[in-house]
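What follows is a single structure, written as structure tokens, with notes after it.
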Amino acid sequence: MPVDLSGRWVLETNDNFDDFMKVLGIDFATRKIALLLSQTKVIIQDGDKFVIKTLSTFRNYERGFTIGEEMEEYTKGLDNRVVKTLITWEGDTLVCRQKGEKANRGWKHWIEGDKLHLELYCEDVVCHQVFKKQA
């Protein structure tokens with residue numbers, strides 16, 4: 001059984017997020033606002049079904065998915081593209097691969113100690129975020 005990612009997680013570090021947003025084509029003003037925001041992730045995991053909510057004072061995102069089931073996803077409010085998304089487990093790492101206009105696009109979630117790590121990647125740019133679990 002894979003690791004349980006459920007919980008409420010608060011952003012602690014956000015390395016290379018501006019470059020990640022640039023490669024997605026996100027405009028200057030939106031990038032500057034996004035860099036100032038504190039993010040909270042709420043992950044609800046029920047077997048192979050997930051809901052991941054990303055909450056901030058600027059925008060909230062909610063994404064539901066089932067492990068191993070490819071879906072069409074509209075990245076509304078981010079870069080507004082349609083991508084084919086497939087999320088799988090690789091050991092204890094939750095891995096998302098997205099096919100669309102941008103090459104090598106996706107993300108990975110894993111836990112180390114009491115920290116949730118998120119690696120966002122697109123083309124040759126990688127952003128690494130670290131979240132701490134709230135009690």
How much of the accessible area of the chain, in percent, comes from carbon and sulfur atoms when a 1.4 Å probe is used? 50
How large is the accessible surface per residue of the chain, computed with a 1.4 Å probe and reported in Å² as a whole number? 55
Using only DSSP helix segments of four residues or longer, with each worth -39500 (n - 2.57), what per-residue ellipticity at 222 nm results for the chain after dividing by its residue count and rounding to 500? -3500 deg cm²/dmol
Within a Cβ distance under 12 Å of Arg59, other residues only, what is the Lys/Arg minus Asp/Glu net charge? +1
Within the chain, how many Lys pairs that are eight or more residues apart, or on different chains, come under 13 Å at the alpha-carbon? 10
Please report the net charge: other residues with Cβ closer than 12 Å to the Cβ of Glu101, K and R +1, D and E -1. +3
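The values are calculated or read from the model by the stated rules, or taken from the named source; none is laboratory data. None of these values were measured; they are calculated from a predicted model. For neighbour counting, all protein chains shown are included, and Cβ atoms are generated from backbone atoms with ideal geometry for every residue, glycine included. Just the protein is used for accessible areas: all its heavy atoms, side chains included, with ligands, DNA and RNA removed. Shrake-Rupley method; radii C 1.70, N 1.55, O 1.52, S 1.80 Å.
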